[in-house]
Amino acid sequence: MRVLIVNQSEVPRLLPMGACMETMAGALAAVSRGDAILPLRQVLMLPDKVGAFGVMPAFLATPAAVGVKSITVFPGNHGTELDSHQGAVLLFETQRGRLLAVMDASSITAIRTAAVSGVATRLLARAGAGDLALLGTGVQAMTHLEAMSLARPLRRVRAWSRGAEHVHAFQVRARRRLGIEVEAASSAREAVEGADIVCTVTSSREPVLKGEWLSPGAHVNAAGASLAAARELDTAAIVRARLFVDRRESTLNESGDFLIPRREGAIDDGHIRGELGELVLGRVPGRQTESEVTVFKSLGLAVEDVAAARLIYDNALATGAGTSVELGGARDAGA
């Protein structure tokens with residue numbers, strides 16, 4: 001049986017941000033409608049917590065697809081030649097279970113995570129929002145900058161990282177890739193104060209964003225922390241915000257940004273106002289006033305990877321991209 005291989009350099013062309021945002025909106029709506037099967041991710045922590053190995057399976061009814069992302073997460077790779085997230089997405093068809101494609105997971109994760117934040121920003125940020133703060137300057141910062149520029153017309157962008165050299169390198173990349181000028185902030189607070197869109201895309205396990213810094217009416221996409229013991233936002237930021245999530249079940253089991261304030265007694269489960277898919281479907285209200293703070297907590301869902309892989313696969317077939325290889329699956333192939 002022939003299987004399509006899509007490598008890291010091919011994914012961005014086959015998964016353009018605008019199209020990915022529309023696909024993510026549809027996938028998240030499917031989750032909230034019950035048209036997806038989505039177990040909690042399985043995470044194997046490696047000795048000394050140097051890294052983690054995650055397995056994320058999902059089924060999507062429309063377009064019909066089933067798949068799994070197997071990925072390693074090594075935060076220590078930041079600043080090296082390797083991405084912190086590495087792995088593969090396997091896409092299968094749902095009629096006879098045939099493996100259709102194997103795709104690079106790093107690039108899919110980078111694009112689909114930012115695309116989901118873009119959907120959240122379209123739904124929750126004020127109509128005139130355009131002052132963006134980026135906390136973190138790694139892979140996710142670049143894709144989030146692109147997604148934010150599609151969600152709202154940007155008039156100003158500030159970025160902060162713990163290393164000034166990282167900010168400078170990001171400025172150069174943003175100018176070259178997207179034609180966007182980025183201001184370097186000397187502190188996270190300096191980046192955030194006055195911003196009406198904030199994206200936290202760090203590998204930090206401790207808060208990098210304090211609620212007291214947020215301007216009235218700001219919208220925050222919290223996309224970095226994805227473990228129960230890690231968070232990027234302090235308790236005050238969560239308490240003062242109207243909180244939306246990609247999926248309730250995942251948040252209640254995996255999100256330190258939510259679980260730690262709950263453990264402190266600052267919030268309860270009712271603090272979650274809705275899933276992003278419910279916002280897409282119009283089942284829950286989003287922003288209520290111009291002055292309230294909204295937060296979208298993104299953990300990343302396997303259904304996003306499967307939906308992205310399906311879009312990549314369809315675009316690859318239409319354009320002749322990818323490499324087709326003989327892998328197996330036929331009965332008695334070795335006879």
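No value in this document is a laboratory result; all are computed from the given coordinates. Nothing here was measured: the structure is a model prediction, and the numbers come from that model. Here the Cβ positions follow ideal geometry from the backbone for every residue, glycine too, while neighbour counts run over all protein chains shown.
What share of the DSSP beta bridges in the chain is antiparallel, in percent to the nearest 5? Numbers along the way, then the final one.
Values: 32 of 63 bridges.
Antiparallel bridges make up about 50 percent of those DSSP assigns within the chain.
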| field | ³J(HN,Hα), Karplus 6.51/-1.76/1.60, whole Hz, each residue of region 75-84, x for Gly, Pro | value | x, x, 6, 4, x, 9, 7, 10, 5, 6
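Dipole of region 36-191, Cα-centred, from +1 at each Lys and Arg C-beta and -1 at each Asp and Glu C-beta, to the nearest 20 debye?
420
Please sort by residue number the trypsin sites (Lys or Arg not before Pro) in region 102-166 whose DSSP state is loop and whose Cβ has at most 11 other Cβ atoms within 10 Å. Kindly include the intermediate steps, with their values, before the conclusion.
Details: sites: Arg112, Arg122, Arg126, Arg155, Arg156, Arg158, Arg162; in loops: Arg126, Arg155, Arg162.
Filter output for region 102-166: Arg155.
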| Whichever aspartates and glutamates have a C-alpha closer than 14 Å to that of Lys69, once near sequence neighbours (fewer than 8 apart) are set aside | Asp104, Glu304, Asp305
| Sites Arg162 and Arg263, calculated FRET efficiency, Cβ-Cβ separation with R0 25 Å, nearest 0.05 | 0.40
| Between region 312-329 and region 181-247, what is the C-alpha centre distance in whole Å? | 39
| task | Could you work out which residue, out of Glu22, Glu93, Glu81, moves most in a Gaussian network model of the chain, that is, has the largest mean-square fluctuation with Cα springs under 10 Å? | result | Glu81
| request: Taking only Cα atoms and a 10 Å spring cutoff, compute GNM fluctuations for the chain and point out the largest among Gly34, Gly87, Gly320. | output: Gly320
| Met1-Asp314 pseudo-label distance in nm [points 7 Å out on the Cα-to-Cβ vector] | 2.1
| Straight-line reach from Lys210: which aspartates and glutamates have a Cα under 17 Å away, not including same-chain ones fewer than 8 places off? | Glu190, Glu193, Asp196, Glu232, Asp234, Asp257, Glu264, Glu292
| query | When a footprinting reagent is the concern and you count Cβ atoms within 10 Å, what order do Thr121, Thr202 take, fewest first? | reply | Thr121, Thr202
